[in-house]
Amino acid sequence: MVLSDMPPSASAVSIPGVPNPGTAIPPDIAALSFEDALAELERIVRQLEEGRGKLDDAISSYERGTALKRHCEMKLREAQAKIDRITVTADGSLGTEPARID
């Protein structure tokens, strides 16, 4: 499983009897740096790939992984928004425009 295998939003899937983690990021995850969140997400993905442990633990780990993925995506969008590209207009003046990092 890779990051792209995880659904974009857990709220897009509703299963009766299974709590929906929604779009709110828990405070403990929100406090993590991008690097720390990504490292924890990678650890969770490895655990889930191994398939060991109880189903309830796997579900909890998946939900946390989904929140970590959303947090990492948010951090990347914030970083991208901070990066501006210096441009030169037709009249020679300088300006900036958001960088396109795709």
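The values are calculated or read from the model by the stated rules, or taken from the named source; none is laboratory data. These numbers come from a predicted model, not from an experiment. Every residue, glycine among them, receives a Cβ derived from its backbone with ideal geometry; neighbour counts consider all protein chains shown. Just the protein is used for accessible areas: all its heavy atoms, side chains included, with ligands, DNA and RNA removed. Shrake-Rupley method; radii C 1.70, N 1.55, O 1.52, S 1.80 Å.
Taking the conditions exactly as written (open to solvent by 70 Å² or more (accessible area, probe 1.4 Å), basic (K, R) and at pLDDT below 95), does R46 satisfy them or not? So R46 does not fit the description; no. Considered as a group, the residues in region 53-102 that are among the aliphatic types (A, V, I, L, M) and touching a strand residue (DSSP E or B) at 6+ places or on another chain (Cβ under 8 Å) include one that is least open to solvent (accessible area, probe 1.4 Å), and that residue is A99.
The residue list L76, L38 contains one member that is closer than 26 Å to P98 by Cα and either touching a Ser or Thr at 6+ places or on another chain (Cβ under 6 Å) or at pLDDT below 95 (or both), which is L76. Only one of the numbered conditions (1) in a loop (DSSP other than H, G, I, E, B); (2) under 18 Å from R77 (Cα atoms); (3) modelled with pLDDT under 95 is not met by S4, and that is (1).
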